[in-house]
Amino acid sequence: MEKIRIGMVGYKFMGKAHSHAYQDLPMFFPDIIHPEMKVICGRDEKAVSLAAKQFGWEEYTTDWKSLLERDDIDLIDINAPSDVHKEITIAAAKAGKHVFCEKPLALTLADSREMLEVVEAAGVKHLVGFNYRFAPAVMLAKKLLDDARLGEIYHFRACFLQDWLVDPNFPLAWRLQKEVAGSGSHGDLGAHLIDLAHYLIGDMTEVIGMSETFIKERPIPSQMSGLTAKGSNSDEKAPVTVDDATLFLARFANGALGSFEATRYAAGHRCTNSFEINGSKGSVIFDFERMNELQVYFTDDKEDVQGFRRVLATDPSHAFAQNWWPPGHTIGYEHTFIHEVVELMESFRENRQPVPNFRDGVKCQEVLEAVDLSIEKRQWIRISEV
Ligand code: SOE
């Protein structure tokens with residue numbers, strides 16, 4: 001197999017990020033299987049035709065079902081809003097196509113389980129878009145944990161803080177509508193934290209949460225243009241049906257304690273996706289806004305120089321670094337998607353499932369749902385209950 005031929009549904013924020021990854025990959029990873037950007041699909045013909053040209057797709061269509069009928073497409077990339085993930089995934093897998101789906105996998109846990117069942121029965125490859133795993137500094141934290149260099153783990157403390165909803169006139173985007181997005185900050189931002197927790201620390205056993213919708217109604221958008229849109233032309237308002245912020249506590253199977261905070265109301269925080277891990281032999285701190293760095297502390301450093309050191313994850317010993325620039329020449333957000341696609345392409349060569357796949361997507365959805373249930377019941381919920 002020389003190339004994986006892609007049909008992509010969605011062309012906005014994630015569509016651009018994925019397209020860029022497909023475009024850039026061959027230049028920096030010449031020795032692996034490459035994607036072929038066949039067809040991009042979107043509902044608005046004018047917009048999708050422009051995206052096709054700008055992002056480098058061979059063709060465009062407004063009918064996603066037509067992608068499934070084509071013999072020259074191997075994989076469907078779904079980055080349209082969450083309410084269409086399930087239908088497209090199931091149809092794609094049944095048509096024998098591999099699936100790369102953005103997070104959160106589905107609107108509900110039951111839907112995500114059904115999606116997993118179908119892709120497994122179809123024997124296709126499945127990848128879920130938890131791109132932050134692929135920041136080399138996060139992968140360095142994972143290596144330190146796997147090598148037991150932080151010892152026994154006591155704490156995982158994570159925040160995903162954004163501030164694009166602080167403006168009460170920010171319009172009612174699809175991410176604020178439950179029937180399209182499933183949930184608000186919880187599924188959009190918290191999902192990334194939950195996945196990082198699973199990747200780095202392991203399974204959670206129980207959770208308890210709280211959430212709030214601070215601004216209950218917002219202007220109906222005349223047109224949305226991404227997260228930076230300000231205000232709306234419409235005077236008419238409609239209810240926000242998702243959480244603005246969700247916080248929860250968790251216990252991990254290995255005995256560690258976790259705390260999680262996801263909000264779009266943290267003024268001044270544009271994209272603070274951060275975590276801290278404390279173990280018996282040391283700690284690490286990661287903040288996505290300084291994504292090339294991992295702060296590392298070891299308890300056995302000599303007392304007179306003890307303290308957090310800033311490790312730049314750009315040396316040849318760090319994940320993916322050899323394919324980029326000389327040490328100290330940093331990479332960005334878009335590279336997490338390129339690394340994600342490298343994992344996808346390598347899974348074809350190595351004849352295995354890529355990671356994170358739909359099993360990880362379902363595990364994340366279990367925690368999302370357990371937290372929702374705990375909020376509803378105002379009590380701790382075991383993950384095994386959902
Ligand atoms: C918007 O809140 C958003 O783009 C999320 O949807 C992404 O998953 C996250 O990576 C950045 O913020």
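So the values come out like this:
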read-out	value
Residue tally, condition crowded, with 21+ Cβ neighbours inside 10 Å and touching a Ser or Thr at 6+ places or on another chain (Cβ under 8 Å), over region 108-125	3
Qualifying residue in region 137-146 (condition: closer than 14 Å to F320 by Cβ, assigned by TED's automatic domain parsing to the domain that holds L193, among the aliphatic types (A, V, I, L, M) and away from the ligand (no atom under 16 Å from the Cβ))	yes
Those residues of region 165-210 which are of a type in the set (F, W, Y) and under 18 Å from the mean Cα position of the chain (by Cα), in sequence order	W174, Y199
Residue match in region 207-218 (condition: away from the ligand (no atom under 16 Å from the Cβ), buried (at least 21 other Cβ atoms within 10 Å of the Cβ) and not polar (S, T, N, Q))	yes
Contacts under 8 angstrom Cβ, first residue in region 173-191 being in the same structural domain as D83 (by TED's automatic domain parsing), partner more than 10 Å from the ligand (Cβ to nearest atom), 6 or more apart	none
Region 76-93 residues that are closer than 17 Å to V48 by Cα, paired with ones that are of a type in the set (S, T, Y) and modelled with pLDDT of 95 or more (beta carbon under 7 Å, 6 or more apart)	I78/T89
Within region 134-206, helices (runs of 4 or more DSSP H) holding 1 or more residues that are over 22 Å from P104 (Cα atoms) and touching a helix residue (DSSP H, G or I) at 6+ places or on another chain (Cβ under 7 Å)	136-146
Residues (touching a Lys or Arg at 6+ places or on another chain (Cβ under 9 Å) and buried (at least 24 other Cβ atoms within 10 Å of the Cβ)) located in region 89-99	H98, V99
Residue in region 260-282 that is farthest from the ligand (Cβ to nearest atom), counting only those that are more than 17 Å from N292 (Cβ to Cβ) and in contact with a His (Cβ under 9 Å, 6 or more places away or on another chain)	G279
Region 15-51, subset touching a strand residue (DSSP E or B) at 6+ places or on another chain (Cβ under 9 Å), within 16 Å of the ligand (Cβ to nearest atom) and in contact (Cβ under 8 Å) with a residue 60 or more places away in the chain, residue nearest to A321 (Cα to Cα)	A21
Top-ranked residue of region 171-206 - restricted to ones that are within 16 Å of the ligand (Cβ to nearest atom) and among the β-branched types (V, I, T), ranked as modelled with the highest pLDDT	I194
Some residue of region 341-359 being in a helix (DSSP H, G or I), out of contact with any strand residue (DSSP E or B) (no Cβ under 8 Å at 6 or more places or on another chain) and closer than 30 Å to T241 by Cα	yes
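The values are calculated or read from the model by the stated rules, or taken from the named source; none is laboratory data. Because the structure is predicted, anything quoted here is derived from the model rather than measured. Counting neighbours? That spans all protein chains shown, and the Cβs are built from the backbone with ideal geometry, glycine included.
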